[in-house]
Amino acid sequence: MLLTISTTHQPATDLGYLLHKHPDKCQSFPLAFGTAHVFYPEASMEYCTAALLLDIDPIKLVRGRSTNLEQYVNDRPYVASSFLSVAMSQVFGTALGGRCKDRPELVQASIPLVAKLSVIPCRGGEKFFQELFLPLGYAIAIENHQLDEKFPEWGNSRYYSVELRHTLPLVDLLSHLYVLIPVLDDDKHYWVGEDEITKLLHHGEGWLSTHPAKAEITRRYLKRKGSLTRQALAQLAEVDQPDPDGMEAEAAEVEAAVEKPLSLNKQRMLAVVDALKQYGCQKVIDLGCGEGTLLRYLIRDTFFAKVTGMDVSYRALTIAQERIEKLHLPRQQWEKISIFQGSLTYQDARFKGYDAVTLIEVIEHLDLPRLTTLEKIIFGFVQPSCVIVTTPNIEYNVKFERLATGKFRHPDHRFEWTRSEFQSWANKLASKYGYNVNLTGIGETGIQVGSPTQMAIFHHLTGK
Ligand code: SAH
């Protein structure tokens with residue numbers, strides 16, 4: 001199985017930097033199911049081609065399993081399939097991750113690229129190729145192979161040779177191929193579980209949520225498993241905005257700048273930590289954890305036995321992870337932390353098993369219908385003994401010198417509530433779902449306007 005990637009970008013040998021593979025070398029990489037070879041059939045300043053040759057060993061594929069002939073004699077060694085995606089992630093992992101140590105400026109550069117797949121099976125034919133690649137801006141040339149050249153009357157096979165042309169960053173091309181090769185083949189050689197959703201959302205970032213065939217891509221990528229597909233599509237719906245991560249990062253800076261003079265963020269985190277301790281909540285899940293500010297307070301404190309963060313934004317989670325790694329915690333403390341990508345509006349069993357759910361400056365990012373869904377999930381389905389919610393108090397906004405009149409603190413806020421609005425929301429939920437609720441303010445208290453942040457602590461009446 002052969003994949004080649006060529007460019008006429010000048011100097012074309014920059015492709016070697018981008019792929020982290022030197023154009024003068026021929027390298028081989030052992031894999032669980034065979035060997036991957038990387039070499040450059042052509043590498044001049046004007047034109048450069050990198051080749052990934054995947055040599056699948058049919059014996060390795062079946063090692064340790066009960067076998068039949070079909071498991072040895074099949075098309076897998078000769079066609080592009082999920083084996084190729086795995087090989088790409090192992091051999092071109094740095095490039096696929098969008099990193100380039102020596103020439104970082106190249107990573108986001110759009111360069112002319114041509115990818116050729118020598119043979120790829122496709123369920124759905126030429127039309128499906130077009131449905132996948134045309135919306136992404138590729139020009140495609142496809143050749144369908146006959147079942148047997150000696151017997152043209154047998155018709156065509158499901159095998160194709162494909163050439164894809166586009167001017168785009170290499171990382172985008174690799175991500176498209178990584179996701180779409182197994183989608184075309186409509187199969188995967190390994191067990192598909194929830195990790196696959198994370199991979200799909202990660203490699204689909206920036207293009208999948210707006211792709212017209214996203215439902216079919218998701219379904220096939222997840223091996224047509226209904227529950228995984230629904231979960232992934234729910235998460236994709238959350239990231240339907242053009243660049244949620246970019247927007248979130250930028251907007252968070254605006255919000256931080258508005259609130260900075262008070263170091264309100266710190267006061268908020270300390271108030272939440274105090275409340276969790278007061279209610280004896282040792283196992284905490286922070287939903288919409290963002291870049292992990294609260295997580296870092298919790299994991300450094302030995303009171304907390306289990307700390308988990310969840311957010312829809314892969315970018316925020318990567319930052320959270322990096323920041324936690326920088327704490328250089330002893331192993332014991334590491335074991336109590338986990339982070340996963342998910343959605344607040346998806347009834348996710350992973351939210352269960354904690355004493356407390358925290359929603360810190362999160363609810364105001366949801367439209368009201370989604371907020372109602374969230375309420376049902378947290379209070380109706382998860383039902384932890386404690387729920388802590390913080391949100392801005394809009395009455396205080398007049399005190400922020402840097403905030404224009406009538407504006408919310410964060411461009412993505414769907415609402416900001418007065419104290420009485422928050423109170424009536426909290427009381428309604430408490431009585432509907434059997435919780436007690438305490439409301440307090442966080443930060444300096446202004447005459448008439450109250451505190452900048454408001455916090456509700458819900459405690460289950462049965463104290464479970
Ligand atoms: N709790 C963090 C971040 C608050 S910003 C802190 O206090 O610093 C709001 C966060 O909610 C963002 O990280 C955003 O990505 C996340 N978010 C918004 N909608 C979401 C959804 N539907 N599912 C999961 N996370 C969501």
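Restricting attention to region 336-355, the residues that are more than 14 Å from the ligand (Cβ to nearest atom) and either more than 21 Å from residue 280 (Cβ to Cβ) or in contact with a Cys (Cβ under 9 Å, 6 or more places away or on another chain) (or both) total 4.
A single entry from 254, 284 fulfils the requirement of being more than 11 Å from the ligand (Cβ to nearest atom) and modelled with pLDDT of 95 or more: 284.
One line per residue, one yes/no per condition, for (1) in contact (Cβ under 8 Å) with a residue 24 or more places away in the chain; (2) among the aromatic types (Phe, Trp, Tyr); (3) surrounded by fewer than 19 Cβ atoms within 10 Å (Cβ to Cβ); (4) not assigned by TED's automatic domain parsing to the domain that holds residue 444:
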{"position": "325", "(1), (2), (3), (4)": "no, no, yes, no"}
{"position": "334", "(1), (2), (3), (4)": "no, yes, yes, no"}
{"position": "351", "(1), (2), (3), (4)": "yes, yes, no, no"}
{"position": "358", "(1), (2), (3), (4)": "yes, no, no, no"}
{"position": "367", "(1), (2), (3), (4)": "yes, no, yes, no"}
{"position": "386", "(1), (2), (3), (4)": "yes, no, no, no"}
{"position": "427", "(1), (2), (3), (4)": "no, no, yes, no"}
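Among all residues of region 44-51, there is none that is modelled with pLDDT under 90 and small (Gly, Ala, Ser).
Annotation note: of 441, 463, the sole residue that is in a strand (DSSP E or B) and either more than 32 Å from the chain's Cα centre (by Cα) or at pLDDT below 95 (or both) is 441. Can you find even one residue in region 214-223 that is on the phi < 0 side of the Ramachandran plot, within 16 Å of the ligand (Cβ to nearest atom) and in contact (Cβ under 8 Å) with a residue 60 or more places away in the chain? No, that holds for no residue.
Within region 162-213, the residues that satisfy the criterion of being in a loop (DSSP other than H, G, I, E, B), among the hydrophobic types (A, V, I, L, M, F, W, C) and touching an Asp or Glu at 6+ places or on another chain (Cβ under 9 Å) are 207, 213. Selection of strands (runs of 3 or more DSSP E) fully inside region 302-394 by the criterion of at least 2 residues being over 23 Å from residue 277 (Cα atoms) returns 337-341.
Count of region 287-316 residues, restricted to those that are within 15 Å of the ligand (Cβ to nearest atom), within 23 Å of residue 231 (Cβ to Cβ), surrounded by fewer than 24 Cβ atoms within 10 Å (Cβ to Cβ) and among the charged types (D, E, K, R), is 1.
The values are calculated or read from the model by the stated rules, or taken from the named source; none is laboratory data. It should be emphasised that the depicted structure is a prediction, and the values quoted were computed from it without experimental measurement. Here the Cβ is made from the backbone with ideal geometry for all residues, glycine too, and neighbour counts use every protein chain on show.
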